[in-house]
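The values are calculated or read from the model by the stated rules, or taken from the named source; none is laboratory data. As the structure is a prediction and not an experimental result, all values here were calculated from the model. Please note: Cβ atoms are built from the backbone with ideal geometry, for glycine as well, and neighbour counts cover all protein chains shown.
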Amino acid sequence: MIWLVIAAVVMAIMGSVFWLKPSARDTRLAELRFNAIRAGLQVRQYTFKPDAAKTGVRDDLTATSYTWLQQNRSQHEDAAGGDLKYRVVRQPAWDQEGLADGLSWHDKGTQADADKLNALLPTLGDELLMLEVYPRRVCMMTAEKQGSSADNYLRFLQALLTD
């Protein structure tokens, strides 16, 4: 009978320890996000609220966003990166012209913007959920799938701002 009590106590202690241990997915995401911060990206939880009446994009999107901001060339430039050039989401909507399957315009860009994005998507190595492009700032949300890399994220975001 004593061994049963001892076994129950040991299992309770071990169960508590294993319960506190992060899962493999949590560990992978923490490493991805930490590497993104070390690479110079801003990482935060963000909720994108679409304008459904304007675009047909209906669902709010909550995910981790990765933002890259070009350094100010002068003190007079807008620190936020300027006015929005275009925004793309991975949801069905009214305007999908020129974009890869599954993507829709929320704030429409040019055909050149669509061509550049379509060419760069394979280099991302992840599923793009939302993308906002400004003259000096790019913000994206991804699915953070297994095999994602902070280096790929950084190269993708920087390539969107090169002319």
ask   = Restricting the search to the range 105-133, which residues are under 12 Å from Arg90 (Cβ atoms) and of a type in the set (D, E, K, R)?
value = Asp126, Glu127
ask   = When you scan the range 125-138, how many residues do you find that are touching a strand residue (DSSP E or B) at 6+ places or on another chain (Cβ under 8 Å) and either without any contact (Cβ under 8 Å) to a residue 12 or more places away in the chain or in a loop (DSSP other than H, G, I, E, B) (or both)?
value = 3
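Here is a check on your reading of the model: is Gln158 surrounded by fewer than 17 Cβ atoms within 10 Å (Cβ to Cβ) and in contact with a strand residue (DSSP E or B) (Cβ under 7 Å, 6 or more places away or on another chain)?
Numbers: surrounded by fewer than 17 Cβ atoms within 10 Å (Cβ to Cβ): yes; in contact with a strand residue (DSSP E or B) (Cβ under 7 Å, 6 or more places away or on another chain): yes.
Yes; evaluated as a whole, the condition is true for this residue.
Going through Asp151, Asp115 one at a time, which residue ends up being touching a residue at least 60 places away in the same chain (Cβ under 8 Å), surrounded by fewer than 18 Cβ atoms within 10 Å (Cβ to Cβ) and not in a loop (DSSP other than H, G, I, E, B)? Even if it seems obvious, please write down each step before you answer.
Values: Asp115 fails: touching a residue at least 60 places away in the same chain (Cβ under 8 Å).
None of the others qualify; the one that does is Asp151.
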Spans of strands (runs of 3 or more DSSP E) in the range 1-109 with at least 1 residues surrounded by 10 or more Cβ atoms within 10 Å (Cβ to Cβ), of a type in the set (Asp, Glu) and touching a strand residue (DSSP E or B) at 6+ places or on another chain (Cβ under 9 Å) = 104-107
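Quick check, is Pro122 surrounded by fewer than 20 Cβ atoms within 10 Å (Cβ to Cβ), outside any helix (DSSP H, G or I) and at pLDDT below 95?
Values: surrounded by fewer than 20 Cβ atoms within 10 Å (Cβ to Cβ): yes; outside any helix (DSSP H, G or I): no; at pLDDT below 95: yes.
No.
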